Structure formats: C-alpha cells, structure tokens
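This report refers to the structure that appears directly beneath it.
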Amino acid sequence: MSKFSQEVLKAVKSVPRGKVVSYGQVALMTGNPRAARQVGWVLNKLSDDKTPWWRVINNSGRISIKSSEFSALEQKERLEGEGVVVSKNFEIDIEKYRFNW
C-alpha cells in the first residue's frame, strides 16, 4: 500500500461518528490538496469496515459513490445510523455535519 493510501485511511479514521468530510478535505489532511479524486480511488478499493468510508462525501454535500462494492443507499443508511440527516436525493447539510480538524 502506498504512503498516500495509508495517509488517506488514517485521515478518514480520524473523522468522528456523526460527522462527514469531503474528498478534498481528506486530500488536505494528507498534505495533498489537489488529490481529491485520488482519495476517491483509494476509498473505492476498500473492502472492509475498519475505515469509515461512509463519512466521506463530495463537497457539495452529496453522496457520490460510483462503481464501488458499496452502494449510495448503504452509505445513506450508515450515515443515518450515526445521526446524520440524509435526504431522499442523497444530500446532506455538509456545513452542519462537517468535521473540522
């Protein structure tokens, strides 16, 4: 696993229950501010529940999973289980739930 991938997983694991971050925030947390897309690629390759991937959404406050082992509905359900309100359109008030490290 690359150093970048390790940093992404470490950053995502630091996001507390009931909070969300954007892909860009995770990239910033790793010291790679232009790597939001690469953060998505790292999370897309996950196949475990040790890293709370469901707490990462796009910066407009929307669940945007594509071609992953996990579905947008599963992400919605996991977030709702942590108290995050998610609309039928998979939208979240990102400023209300955003984790600021």
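Quick note: the coordinates plus some simple rules give every number you see, no bench work behind them. In this text, all values refer to a predicted model and were calculated from it rather than measured experimentally. Reconstructed Cβ throughout: ideal geometry from the backbone, glycine too, with neighbour counts over all protein chains shown.
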**Asked** So what J values fall out for the stretch 33-43 if you push phi through Karplus, 6.51 cos²θ - 1.76 cosθ + 1.60 with θ = phi - 60°, rounded to Hz, Gly and Pro as x?
**Response** x, 9, 10, 4, 5, 5, 4, x, 5, 4, 5
**Prompt:** For q = 0.25 Å⁻¹, what log10 I(q)/I(0) does the chain give under the Debye formula with an equal point scatterer on each alpha carbon and no solvent?
**Reply:** -1.54
**Request:** Report, in whole Å, the centroid distance computed from the Cα atoms of the stretch 39-101 and the stretch 3-38.
**Result:** 13
**Prompt:** Rounded to the nearest 20 Debye, what is the dipole magnitude of the stretch 3-97 about its Cα centre when Lys and Arg each give +1 and Asp and Glu each give -1 at the C-beta?
**Reply:** 300
**Message:** Longer than 26 Å from Cα to Cα, which of K76/K96; K3/K88; K19/K50; K3/K45; K19/K45 are they? Say none if no pair is.
**Reply:** K3/K88
**Fill in**
extent check for the stretch 27-69: Cα max minus min per principal axis, descending, whole Å, gives 26, 21, 16
**Request:** Sort E91, E80 so the one with the fewest other Cβ atoms within 10 Å of its own Cβ comes first.
**Result:** E80, E91
